[in-house]
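The values are calculated or read from the model by the stated rules, or taken from the named source; none is laboratory data. These figures come from a predicted structure and were not determined experimentally. Cβ sites come from the backbone with ideal geometry, for glycine too, and all protein chains shown count toward neighbours. Side chains included, ligands, DNA and RNA excluded: accessible areas come from the protein's heavy atoms. Shrake-Rupley method; radii C 1.70, N 1.55, O 1.52, S 1.80 Å.
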Amino acid sequence: MQSIEECIDAFVTLHGRMQRSLSEHGYRAAILSFHPIEDHFEGPQNKRRYDHWQWAMEAMTTYGPDINVSVPSDVAERLDLHELHGKVNYYAPALTALTVASPLYRGDLWRMRGKVGKSVRTYHRSTIAPAISIHPKENLRLELKPLEMTPYRIDYHGYFLLWLALILDESLLGRATEQTRIYDMGQVARFGLHAESARERAHEVLSNAPSALGHWGFDCQALDHFHARLETRRVPADDIIDLFECEQSIPNVLRHLIDLR
């Protein structure tokens, strides 16, 4: 792939092929980050590490897009992975807040202490799953993991730009520990962009991205979609919540989440 656009086009093509294959058996796949009815899965540990086994079982009901990039060798040599982890711990919850989209749970809306939450997926995965995965033997493939599924092509384009901005923008000075990230993710799962400091941190990344990425030839127009969410504080979960309150039916809601657009 020579560009983000080519990558997204390939993704759309593969999604279409999958849907056509499923339709031959009477099924369609919905674009959602947490199973809307089932919430639990158990399987044998076999020879896995205990923490890997726990995450493998969690992953059976939750899903999100893993955003993978590699950087030029000279950039990779200068990259401080410890600093990158700290940067991700600080900013990733705020960027996830822009994408939260899994408010369905056990056939109803997900509620925490009487209030409807934005992402049961983020709430479930935050304590056990990593925010990033680094693959040194694969041209330093850098994998960002907490963002949520979306039916909007432009969001996936934006996901790549957000991840590249975190990696390449040396002006982003926020750092945090994993424990702080886990706490912040829990708040984002419940409140989305209303979570403490989420809008400020997301704004910092979004506002700096054009200058940080323009040098590399990236067009940041796809981030306008996220700027609009930042202003209104309305996230994709809000659309799904409205749909469910109108339809009062999980199948009817899922029919709105079949096609990429």
- Query: Does the stretch 2-56 hold any residues that are open to solvent by 80 Å² or more (accessible area, probe 1.4 Å) and on the phi > 0 side of the Ramachandran plot, and which are they?
  - Reply: Asn46
- Taking only the stretch 183-202 into account, find how many residues are among the hydroxyl-bearing types (Ser, Thr, Tyr) and open to solvent by 70 Å² or more (accessible area, probe 1.4 Å). 1
- Query: Hey, any hits in the stretch 138-157 for a residue that's closer than 12 Å to His85 by Cα, in contact with a helix residue (DSSP H, G or I) (Cβ under 6 Å, 6 or more places away or on another chain), in contact (Cβ under 8 Å) with a residue 24 or more places away in the chain and assigned to a loop (DSSP other than H, G, I, E, B)?
  - Reply: no
- Query: Any residue at all in the stretch 168-182 that is modelled with pLDDT of 95 or more, within 26 Å of Val69 (Cβ to Cβ), surrounded by 19 or more Cβ atoms within 10 Å (Cβ to Cβ) and touching a Pro at 6+ places or on another chain (Cβ under 8 Å)?
  - Reply: yes
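Give the number of residues within the stretch 204-220 that are part of a helix (DSSP H, G or I), of a type outside the set (Ser, Thr, Tyr) and modelled with pLDDT of 95 or more.
The qualifying residues number 8.
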- Within the stretch 42-57, identify whether any single residue is touching a residue at least 60 places away in the same chain (Cβ under 8 Å), within 19 Å of Ile128 (Cα to Cα), part of a helix (DSSP H, G or I) and in contact with a helix residue (DSSP H, G or I) (Cβ under 9 Å, 6 or more places away or on another chain), and answer yes or no. yes
- Task: Please give the number of the condition Ser249 fails out of (1) of a type in the set (Gly, Ala, Ser); (2) within 24 Å of Lys115 (Cβ to Cβ); (3) modelled with pLDDT under 95.
- Result: (3)
- Task: Write out, first by first residue and then by second, each pair whose Cβ atoms fall under 6 Å of each other, whose residues are 6+ apart or on separate chains, and whose first residue, in the stretch 1-18, is more than 12 Å from Phe160 (Cα to Cα) while the second is among the charged types (D, E, K, R) and open to solvent by less than 80 Å² (accessible area, probe 1.4 Å).
- Result: none
- Per the filter on the stretch 19-36, residues in a loop (DSSP other than H, G, I, E, B) and in contact (Cβ under 8 Å) with a residue 12 or more places away in the chain are Arg28, Ala29, Ala30, Ile31, Leu32, Ser33, His35, Pro36
- Note on the structure: Picking from Arg201, Arg190, Arg234, Arg229, the residue that is outside any helix (DSSP H, G or I), basic (Lys, Arg) and either in contact with a helix residue (DSSP H, G or I) (Cβ under 9 Å, 6 or more places away or on another chain) or free of Cβ contacts under 8 Å to residues at least 24 places away in the same chain (or both) would be Arg234
- Looking at (1) touching a strand residue (DSSP E or B) at 6+ places or on another chain (Cβ under 7 Å); (2) surrounded by 22 or more Cβ atoms within 10 Å (Cβ to Cβ); (3) β-branched (Val, Ile, Thr), which is the only condition Val205 fails? (1)
- Note on the structure: Counted residues in the stretch 21-37 being closer than 12 Å to Val120 by Cα and either among the hydroxyl-bearing types (Ser, Thr, Tyr) or at pLDDT below 95 (or both) come to 1
- Message: I'd like to check something: does the stretch 80-93 contain any residue that is in contact with a Pro (Cβ under 6 Å, 6 or more places away or on another chain) and open to solvent by less than 60 Å² (accessible area, probe 1.4 Å)?
- Response: yes
